[in-house]
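J.: Got a structure for you, questions after.
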């Protein structure tokens with residue numbers, strides 16, 4: 001399989017895992033496509049993929065976020081943690097920053 005075969009054309013995440021009524025949640029999306037993508041919001045009641053379990057149950061949330069189209073935009077993603085320091089930092093596993 002070629003490296004390009006593994007690229008997912010549309011990826012995204014929310015800036016919060018859950019919110020209370022009246023709070024705001026933001027979404028960040030990256031698309032390798034050139035056409036607009038359509039987004040909608042659902043409430044996850046159950047995310048159990050087990051066929052013997054409850055299964056995936058979602059509830060539309062049209063009153064909070066109506067289905068709409070957005071322009072595609074590629075946002076490069078560089079996984080991993082990093083830090084920039086003014087001075088040299090010594091790291092020893094288990095001891096933290098010194």
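J.: Within segment 41-54, is even one residue in a loop (DSSP other than H, G, I, E, B) and under 21 Å from residue 16 (Cβ atoms)?
T.: yes
J.: Give me a count of the residues in segment 55-92 that are touching a residue at least 40 places away in the same chain (Cβ under 8 Å) and either in contact with a helix residue (DSSP H, G or I) (Cβ under 9 Å, 6 or more places away or on another chain) or assigned to a strand (DSSP E or B) (or both).
T.: Number of matching residues: 1.
J.: Looking at segment 18-52 only, could you name the residues that are farther than 25 Å from residue 72 by Cβ and exposed (fewer than 10 other Cβ atoms within 10 Å of the Cβ)?
T.: 18, 20, 21, 22, 23, 49, 50, 51, 52 - these are the residues of segment 18-52 that are farther than 25 Å from residue 72 by Cβ and exposed (fewer than 10 other Cβ atoms within 10 Å of the Cβ).
J.: Restricting attention to segment 11-34, which residues are in a loop (DSSP other than H, G, I, E, B) and in contact with a strand residue (DSSP E or B) (Cβ under 9 Å, 6 or more places away or on another chain)?
T.: The answer is 15, 25, 26, 32, 33.
Read-outs throughout are calculated quantities, based only on the coordinates presented, and are distinct from any laboratory measurement. Everything numeric in this text was worked out from a predicted model, so none of it was measured. We place every Cβ from the backbone using ideal geometry, glycine too, and count neighbours over all the protein chains shown.
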